[in-house]
Each structure stands twice: as structure tokens, then as C-alpha cells.
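Right, one structure below, let's go through it.
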Number of protein chains: 6
Amino acid sequence: MFRPPTVAHAHCDLYCGVYDPAQAKIEALSVLKSAEKYQGSDDAVFKDRALFIKEERAELVKHHLMVLWADFFTADHRQEFPELDDLFWRAIHQAGEAKKSVDPADGQKLVDLIDEIAAIFWKTDKAKGMGVYPPG
Amino acid sequence: MFRPPTVAHAHCDLYCGVYDPAQAKIEALSVLKSAEKYQGSDDAVFKDRALFIKEERAELVKHHLMVLWADFFTADHRQEFPELDDLFWRAIHQAGEAKKSVDPADGQKLVDLIDEIAAIFWKTDKAKGMGVYPPG
Amino acid sequence: MFRPPTVAHAHCDLYCGVYDPAQAKIEALSVLKSAEKYQGSDDAVFKDRALFIKEERAELVKHHLMVLWADFFTADHRQEFPELDDLFWRAIHQAGEAKKSVDPADGQKLVDLIDEIAAIFWKTDKAKGMGVYPPG
Amino acid sequence: MFRPPTVAHAHCDLYCGVYDPAQAKIEALSVLKSAEKYQGSDDAVFKDRALFIKEERAELVKHHLMVLWADFFTADHRQEFPELDDLFWRAIHQAGEAKKSVDPADGQKLVDLIDEIAAIFWKTDKAKGMGVYPPG
Amino acid sequence: MFRPPTVAHAHCDLYCGVYDPAQAKIEALSVLKSAEKYQGSDDAVFKDRALFIKEERAELVKHHLMVLWADFFTADHRQEFPELDDLFWRAIHQAGEAKKSVDPADGQKLVDLIDEIAAIFWKTDKAKGMGVYPPG
Amino acid sequence: MFRPPTVAHAHCDLYCGVYDPAQAKIEALSVLKSAEKYQGSDDAVFKDRALFIKEERAELVKHHLMVLWADFFTADHRQEFPELDDLFWRAIHQAGEAKKSVDPADGQKLVDLIDEIAAIFWKTDKAKGMGVYPPG
């Protein structure tokens with residue numbers, strides 16, 4: 001795993017760290033699960049907690065998506081994959097919808113949008129060598 | 001991916017969300033990369049930024065590890081895998097060491113410890129169905 | 001300023017709170033000022049602090065911009081102002097550039113992009129009645 | 001907008017960034033709006049979300065007010081405007097009251113106190129040149 | 001209180017700051033109090049706020065405990081006090097339990113576990129000179 | 001330690017949790033220690049870390065002080081101890097000074113101001129029964 005410092009460690013990407021759409025997806029799965037648990041319970045305290053955990057996790061989804069959109073994806077990627085901007089708007093917007101909703105379908109829709117983003121992510125050269133468990 | 005609400009959505013795991021050692025590993029890779037970039041640069045501003053990004057990412061590693069240790073792993077798991085407590089102490093402690101150090105070897109050691117934890121994680125039944133990219 | 005509860009307080013915008021591009025601009029001005037102060041000083045401690053204040057403020061700019069883009073602006077707005085997506089990508093991306101740079105011109109470019117966004121914001125009907133100091 | 005580095009960029013105000021009472025007011029308006037929406041709805045999930053958004057926004061109000069009080073306003077200002085300390089105590093305390101209350105009048109009272117602070121803010125020389133939309 | 005810089009200010013503990021189990025205990029007492037207040041009230045808004053304050057405070061308990069375990073306590077301490085790992089697991093895990101529960105007994109159990117940790121803390125040489133109000 | 005729910009658990013103090021000036025003091029001691037360590041080292045990485053730890057800890061001091069001032073202390077306390085407002089302004093302002101300074105004397109001055117506040121805190125009836133290690 002160790003890669004010695006090379007000229008490739010350019011200034012331009014220091015703040016990027018390591019990108020992986022898994023970060024957004026893990027939180028989105030929590031959003032989905034919280035809505036499911038909300039529906040499956042009749043305990044008021046439990047339901048209440050499901051709501052604010054969902055709120056918090058959806059906020060993290062938004063953050064991770066914004067990082068992918070504006071830090072990982074370059075102007076060139078956006079030309080190569082012209083659907084990117086719209087896809088990200090819909091995904092980040094959907095994270096907001098999933099905050100408001102207790103319908104698991106809204107969480108699922110968020111997960112699906114992140115899967116679409118991930119599919120593009122793994123097609124790029126920049127993603128080569130990234131990811132903890134890159135798709136086989 | 002959608003799982004309808006069932007009796008399995010017990011109280012006991014609401015706050016857990018979705019567990020995946022990838023969260024800790026992604027941040028640990030950022031710690032490692034920041035140390036590498038620090039070493040590979042002679043630009044003072046760039047090096048400075050590498051230091052505080054490393055600091056911040058190492059803190060996130062600690063958080064994700066604590067969640068795995070005390071929320072995901074149960075008392076039963078700790079009996080089955082008696083090395084767990086020590087492994088977690090060393091990993092969380094190593095995140096602190098990696099904060100202090102600019103030697104990439106310290107970041108690598110952190111990554112390796114998380115890999116050891118992940119190996120145990122994926123052996124448990126509780127991890128079945130978890131993870132964004134579960135190992136094949 | 002007090003507006004009694006009416007049917008207009010629909011679900012669809014609860015999480016939105018009150019929007020104002022001033023939030024992003026105030027932080028962007030801090031980014032700009034930090035770069036200027038970095039340049040204008042020869043005190044190592046002072047310069048160091050300027051760097052991490054700039055880092056932190058640029059992160060807040062990104063957050064405020066993401067909220068405007070995906071929570072304030074609707075799908076309809078994006079049709080009416082087709083430059084919006086690109087403008088937001090460039091502004092959020094520029095916040096990242098301003099993190100890396102100590103050139104005040106990068107902070108200024110960020111401020112200018114936010115001004116472009118604000119100009120569109122204030123053209124929308126949704127912005128009517130918003131803002132602490134709406135433009136005269 | 002660009003102001004070249006000058007002797008005026010003294011150490012004494014680096015951490016201050018750019019001050020604007022609009023930051024506190026925007027969050028206070030969110031507090032007010034959340035209470036109004038809470039009152040105007042009979043949807044339990046919606047009302048719940050209004051409560052924790054109000055909580056979070058009121059906390060931000062407190063933070064922004066503290067910054068104005070102890071970072072923007074100087075010992076000299078406090079002599080010139082001897083009501084400042086009491087005004088700030090009442091405003092920060094009122095943010096706490098607005099957390100506890102679902103009466104929009106408590107949010108409105110918070111907004112009014114911030115307006116009083118803003119009026120003093122804009123009277124100072126230090127505020128000259130500050131603010132995104134300084135009052136005309 | 002002022003201690004001039006000496007050889008004791010080694011690298012190895014810079015990030016540690018000042019340790020005191022009081023930090024964890026103060027938050028744990030808030031958790032306990034929130035559960036008590038939840039039980040003692042029949043006001044829905046008040047009860048709701050008690051729940052999310054409890055959530056937030058329990059999270060802070062976990063953080064402070066993790067810092068004590070992996071930053072304050074050394075490998076040597078863990079040999080001298082072999083119960084430490086288990087004690088910390090149970091305390092951090094109990095903070096999670098106290099999040100889920102509205103039974104004050106769960107908050108009390110958390111406080112008691114922190115008291116056990118504090119008793120060991122104050123027995124160590126490293127704790128000498130630490131603490132704001134060290135036990136008499 | 002367990003106190004059963006009683007009429008004393010009034011609305012008016014839910015959000016207060018448990019107050020203890022120790023929280024501000026622990027962080028202030030970290031600020032002081034960071035300045036001392038900065039002075040005592042000639043390792044650039046170490047010194048850098050001391051600076052941003054000091055920054056972060058000073059911010060926490062400010063937060064804890066604001067909570068004491070506006071949540072713990074009442075309007076009545078402020079009449080009984082008319083020096084309170086000025087003392088808090090000076091302490092919160094001093095936390096800002098200690099951010100900017102690497103002179104341990106600035107950290108010590110912050111600690112001393114918190115000690116003055118603590119002395120008043122423990123004189124109040126409201127503080128009875130509070131605190132983890134109340135003064136003997």
C-alpha cells in the first residue's frame with residue numbers, strides 16, 4: 001500500500017485525501033435504515049431517535065457528495081460525463097428530501113443516485129488505485 | 001438493497017446505523033497520504049496544510065474505530081476474538097502517534113491495524129449484509 | 001418581521017430555514033482577508049494562523065454554497081438559469097483552490113463567483129422577503 | 001473589493017475575519033420560522049424536525065453573538081455604549097429561551113435584540129467597510 | 001500554576017493537553033439528568049428536547065472516554081491495571097445504552113463506570129498535577 | 001448521586017445540563033500548556049501542532065464561558081455580582097488573545113480569569129450540588 005513520495009503528489013490535490021463514494025453510500029444506507037426502523041416501531045422514544053439520526057446522516061451524505069463533485073471530479077470529467085452536474089444536484093437534493101420523509105423509498109432513491117455516481121466514479125482514471133474495496 | 005421493516009429492527013441497534021471498517025480505513029489512507037505529501041514537498045504552505053489535514057483525519061479515524069469497538073462488536077464478539085480490545089487500543093493509540101509523526105511508516109502502521117480489525121469484522125455474522133463493498 | 005403561521009409554511013421547505021447568500025460571502029471575505037494578511041506579515045506564528053483560519057472559512061463557504069444550490073434553488077430555477085450548475089461547481093471548486101493558495105486573487109475570485117450567484121438569487125421570487133439586508 | 005495588504009492588517013484582528021451581525025440574524029430568523037412552522041403544523045414528524053432545527057440554529061445564534069461581543073467590540077466600545085454587556089447577555093440568554101419555547105414571540109424577541117445590537121454595530125468606526133450589505 | 005518549559009514537555013504528549021475524568025463525568029451527569037427530567041415531565045416538547053440533549057451528551061462522554069483510554073493511559077498502565085480495557089469498553093458501550101434508554105438507571109450506571117475509571121486515573125503517577133480539582 | 005425526578009426539574013433549566021467551571025479551566029490549561037510547549041521546542045512540526053491545538057482549545061474555552069455566563073448565571077446573579085459581565089467579557093476576550101499569542105503568560109492570564117469566575121460560581125446557591133469535584 002505504501003507509495004513513496006513522487007512528483008505525482010502535486011499541490012493540486014493535497015486537500016482531497018482519498019476519495020471513495022463508499023463514504024456517501026454508508027451514510028445513505030443509515031438514512032434508509034432509520035426510515036425503515038421508524039416505520040417498524042411503535043415506541044415513541046425509539047421513533048424520535050430514528051428521526052434525528054436520519055437528519056444527521058443525511059447531512060453527512062450531502063457533505064460527502066459535495067466533496068466528490070467539486071474536489072474529485074474535474075472540469076474535464078464534467079465534459080466527459082455531462083450528466084454529472086444534474087446527477088449531483090438530484091442526489092444532494094434527495095438527501096434533503098430524505099430528511100423530511102419517513103418513507104424508506106426516499107432513502108432508497110438516495111442510495112440509488114449514489115450508486116449512479118459511483119458507477120461514473122469508477123470509470124475515471126483518477127479513481128484508479130483509490131477506494132478501500134474497489135469494485136472487482 | 002431495500003429491506004422491509006421486520007422484527008429484526010430491534011431497539012438494540014438503532015443508533016448503530018450501518019457499520020463498515022472502510023470508514024476508518026479511508027481516513028487512515030488520508031493520514032498516510034498526508035505524511036507522504038509532507039515528505040515529498042518543499043513548499044512551506046503546502047507542508048503546513050498537510051499537517052493539519054493529517055491531524056483532522058487522524059481524529060476521524062479514532063472516532064470511527066471507537067464506534068466499531070463499542071457499538072458494532074458485542075461482549076460475545078470480545079470473547080470469541082479476545083485480541084479485539086488490545087487491537088483497538090493499539091489502533092486508536094496509533095492514530096494519535098500518526099498525528100504527531102510525519103513519517104509515512106506511522107500512517108502505514110495505522111492502516112495495517114485497521115486491516116487486522118476489518119479481517120475480524122468480516123468474520124462475524126453481524127457483518128453479513130453490511131458494507132458497501134464487502135470483500136468477495 | 002413577524003409572519004403568523006400560514007399555509008405557506010409547507011413541509012417542503014422546513015429544513016431550509018432562511019437563505020441568504022451573505023452567509024457564503026462573509027466567509028469568503030474572511031478567506032480573502034486571511035490571504036491578504038498572510039502576504040502582509042512576516043511573523044511565522046501569525047502566518048500559520050492565517051493559513052488554518054483560511055482553511056476553516058473556505059470549508060464553511062463550501063457548505064453554505066451547497067445549501068443554496070440544492071436546498072434553495074429548485075429544479076425550475078435550474079431551467080430558468082441554466083448557468084447555475086456550472087456556476088456553483090466553479091464556486092465550490094474555487095473555495096478548494098483558495099484553501100491551497102495564499103494569493104489573495106484566489107480569494108477575490110471566490111468572492112466574485114458568490115456575487116454572481118447572489119445576483120441570480122435575488123432575481124428569484126423565492127428570495128422575496130428573504131435576506132437580512134436584501135439589496136435595495 | 002480587493003484591498004492590498006497594508007499596515008492596517010495588524011495582528012490584533014487576524015482571528016476576527018469579517019464581522020457582520022447578519023450572521024446572527026439569519027440564524028435567529030430560522031429560529032423564529034421554526035417556531036412558526038411548529039405551530040402551523042399538525043404532522044408529528046414535521047413538528048419534531050422543527051424542534052431540533054430550532055435547537056441547532058439557536059446554538060449558532062449564541063456563537064455568532066459571542067464572537068461579536070468579545071472579538072468585534074473592544075473595551076473602548078463598551079465604554080462608549082455602556083448598554084452593550086447587558087444587551088448581549090439578554091440576547092444570548094434569549095437564544096436559550098427560544099430553544100425551550102415553541103412560541104414564535106420568543107424567536108421574535110431574539111431577532112429584536114439582535115437588531116438592537118446591529119444598530120450599535122453599524123455606529124462604530126470599526127464596522128466601516130464591513131458587512132456584505134451594510135445598511136444604506 | 002505556571003510551569004516553565006522543561007524536558008518534561010516531551011513530544012510524546014503534546015496532543016494530550018490536560019486530562020481529567022471530570023470531562024466525561026460532567027457530560028454523563030447531563031445524560032443522567034436528561035433521563036430524570038424526561039421521566040419527570042409530561043410536556044411533549046420538553047421531553048423531546050431531553051432526548052436529543054441526552055443523545056448529544058452521551059456522544060461527548062464517548063469521546064472523552066476514548067481520549068482517556070488511548071491517549072492518557074499507556075501500555076504500561078494497561079499491564080498494571082488489567083481491568084482497564086474491559087472497563088472502558090463497558091463504559092463507552094454504556095454511553096450507547098444510555099442514548100437508547102430513558103431510564104435514569106442507565107445514566108447512573110454510566111456515571112458509576114466513569115467513577116471506577118477515575119479511581120484508577122488518580123492512582124497513576126501520570127495524573128499527578130493534573131486535574132482542576134484533584135481529589136483530596 | 002441519583003436524584004429522583006421532582007418538581008425542581010423545571011423547564012427553565014433543561015438545556016443547562018450540569019454546570020462546572022472545570023470545563024472551561026481544563027481547556028484553558030491546555031491553552032497554557034500548548035504555549036509552554038511551543039516555547040520549549042525547536043521542532044517545526046511540533047510547534048505547528050502546538051499552534052493549532054491552542055487555537056482549538058481556546059475556542060472551547062470561549063464556548064464553555066458563554067454557557068456559564070448566559071445559561072448558568074441569572075439576571076439576579078448579575079445584580080448580586082455586578083462585576084460578572086465585565087469579568088466574562090475579559091475572560092472570553094482573553095481566550096482570543098491567547099489564540100494569537102505564544103506567550104504562556106497569556107494562557108496563565110486566561111486561567112486566572114476563569115478562577116475568578118469559578119470563585120463566584122461556587123458562592124451561588126445554584127451551584128450547590130453541582131460540580132464533579134466541588135471545592136471542599
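Quick one: if you take sqrt(5λ) for each eigenvalue of the C-alpha gyration tensor of the stretch A:14-136, what semi-axes come out, biggest first, whole angstrom? Write out the running numbers ahead of the final one.
Working: eigenvalues 170, 37, 27 Å².
Whole-Å semi-axes of the equivalent ellipsoid: 29, 14, 12.
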**OP:** Would you mind pulling out the separation of the Cα centroids of the stretch A:63-136 and the stretch B:46-63, in Å?
**Re:** 24 Å
Subject >> Delta accessible area of at least 30 Å² on complex formation, residues of the stretch D:102-135, 1.4 Å probe, chain isolated as reference >> reply: D:Gln108, D:Val132, D:Tyr133
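Please go through the stretch F:76-136 and write out the chymotrypsin sites (Phe, Trp or Tyr not before Pro) that DSSP classes as loop and that have at most 14 other C-beta atoms within 10 Å.
none
Might you tell me the accessible area per residue for the stretch C:36-136, computed with a 1.4 Å probe and given in Å²? Before the final figure, lay out the partial values.
Numbers: 3840 Å² over 101 residues.
Accessible area per residue, the stretch C:36-136: 38 Å².
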Subject >> Spacing of the two label points (7 Å from each Cα toward its C-beta) at E:Phe81 and D:Phe81, in nm >> reply: 5.0 nm
**OP:** Can you tell me the equivalent ellipsoid semi-axes for the stretch A:80-128? Use √(5λ) from the Cα gyration tensor, largest first, whole Å.
**Re:** 24, 11, 7
Original post:
Between D and C, buried accessible area summed over both sides at probe 1.4 Å, in Å² to the nearest 100?
Top reply: 4100 Å²
**OP:** Under 12 Å Cα to Cα from F:Lys47, which aspartates and glutamates show up? Leave out anything in the same chain fewer than 8 places away.
**Re:** B:Asp48, C:Asp48, F:Glu36
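Express the carbon and sulfur contribution to the solvent-accessible surface of the stretch A:33-136 as a percent, rounded to the nearest whole number, probe 1.4 angstrom. Write out the running numbers ahead of the final one.
Details: 1940 of 3870 Å².
Within the stretch A:33-136, the accessible surface is 50 percent carbon and sulfur.
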Original post:
Around E:Trp89, with a cut-off of 10 angstrom between Cβ atoms, what is the net charge of the other residues, counting Lys and Arg +1 and Asp and Glu -1?
Top reply: -1
**OP:** Rounded to the nearest 0.05, what FRET efficiency do B:Ala44 and E:Lys126 give with R0 = 35 Å and r taken as the Cβ-Cβ distance? Could you check?
**Re:** 0.50
**OP:** Find out how many positive minus negative residues lie around B:Val132, taking Lys and Arg as positive, Asp and Glu as negative, among other residues whose Cβ is under 11 Å from that of B:Val132.
**Re:** -3
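Please sort by residue number the GluC sites (Glu not before Pro) in the stretch C:37-136 whose DSSP state is loop and whose Cβ has at most 15 other Cβ atoms within 10 Å.
Details: sites: C:Glu55, C:Glu56, C:Glu59, C:Glu80, C:Glu83, C:Glu97, C:Glu116; in loops: C:Glu83.
Sparse-neighbourhood loop GluC sites (Glu not before Pro): C:Glu83.
Stokes-Einstein D for the stretch C:15-77 at 10 °C, 1.306 mPa s, Kirkwood Rh over Cα pairs, in µm²/s? Please list the in-between numbers first.
Numbers: Rh = 12.9 Å.
The diffusion coefficient I find is 123 µm²/s.
The values are calculated or read from the model by the stated rules, or taken from the named source; none is laboratory data. Computed from a prediction, not measured in an experiment: that's the story for all the values here. Neighbour counts run over all protein chains shown; Cβ positions are idealised from the backbone, glycine included. For accessibility, only protein heavy atoms count, side chains too; no ligands or nucleic acids. Shrake-Rupley method; radii C 1.70, N 1.55, O 1.52, S 1.80 Å.
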